[in-house]
1. Of all residues in region 84-98, how many are aliphatic (A, V, I, L, M) and closer than 17 Å to residue 41 by Cα?
2. How many residues are buried (at least 18 other Cβ atoms within 10 Å of the Cβ) and part of a loop (DSSP other than H, G, I, E, B) when one looks only at region 59-71?
3. Applying the selection to region 114-148, what residues are surrounded by 13 or more Cβ atoms within 10 Å (Cβ to Cβ), out of contact with any Asp or Glu (no Cβ under 7 Å at 6 or more places or on another chain), part of a helix (DSSP H, G or I) and free of Cβ contacts under 8 Å to residues at least 60 places away in the same chain?
4. Given (1) more than 16 Å from residue 13 (Cα to Cα); (2) of a type outside the set (Asp, Glu); (3) surrounded by 13 or more Cβ atoms within 10 Å (Cβ to Cβ), identify the lone condition not met by residue 74.
5. Keeping to region 81-106, report how many residues are buried (at least 16 other Cβ atoms within 10 Å of the Cβ), outside any loop (DSSP other than H, G, I, E, B) and either free of Cβ contacts under 8 Å to residues at least 12 places away in the same chain or among the small types (Gly, Ala, Ser) (or both).
6. Step by step: first the residues of region 37-68, then only those that are modelled with pLDDT under 95 and of a type in the set (A, V, I, L, M, F, W, C), then the one that is nearest to residue 103 (Cα to Cα). Which residue is that?
Amino acid sequence: MHTEKQKKKDITVQITNSFHALDASLPKLKKLVKTICNRFAKYEIPNTGYEVTIAIVDDAQIRKVNKQFLNHNLSTDCLSFDLSDDAPNSAKSFELLVNAEMARKQAKRRGHSTEAELALYITHALLHNLGFDDTTQNQAKKMHHTEDEILQQLDYGLVYNKAVKAQK
């Protein structure tokens, strides 16, 4: 019989911040990542673990990466890359880029904190790496519901659907 502690995966989270005026708690954002990974770890066999790297960047930096890797010459809220090795029993390796400059603007417009908006971007990017998709309306609805459920659980409040309601 496995104890709860044995069931948990090894989760390593590294965050680098190159945005000069970040108003967010990096430990709280790390907790967010660990919570998401633990929540979805139960669907994966064997017990591989996670290595998640997050770069907090500005519009210019994310635009550059978006153009380089996706050939889109525009700024975006987040990008996610699955760098996992295909070898059995290897850790999942995800690299996320989140746009703090956009988060600050959107948070002000939507009436919540920059940290909550960044948490939404991190959650969204990570869920993509964990198999969620938002290409159809039903997929997007499920993904955004899951985002808000996670963010509310960690006291960020209703972030995505609050923004949608505010735009109507």
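1. Qualifying residue count, region 84-98: 1.
2. Total satisfying the criteria: 0.
3. 116, 117, 125, 128, 142, 144, 146, 147, 148
4. Among (1) more than 16 Å from residue 13 (Cα to Cα); (2) of a type outside the set (Asp, Glu); (3) surrounded by 13 or more Cβ atoms within 10 Å (Cβ to Cβ), the lone unmet condition for residue 74 is (3).
5. 3
6. Per the stated criteria, the residue is 37.
The values are calculated or read from the model by the stated rules, or taken from the named source; none is laboratory data. This one's a predicted model, so the numbers in the text were calculated from it and none came from an experiment. Note that we place each Cβ from the backbone using ideal geometry, even for glycine, and neighbour counts take in every protein chain shown.
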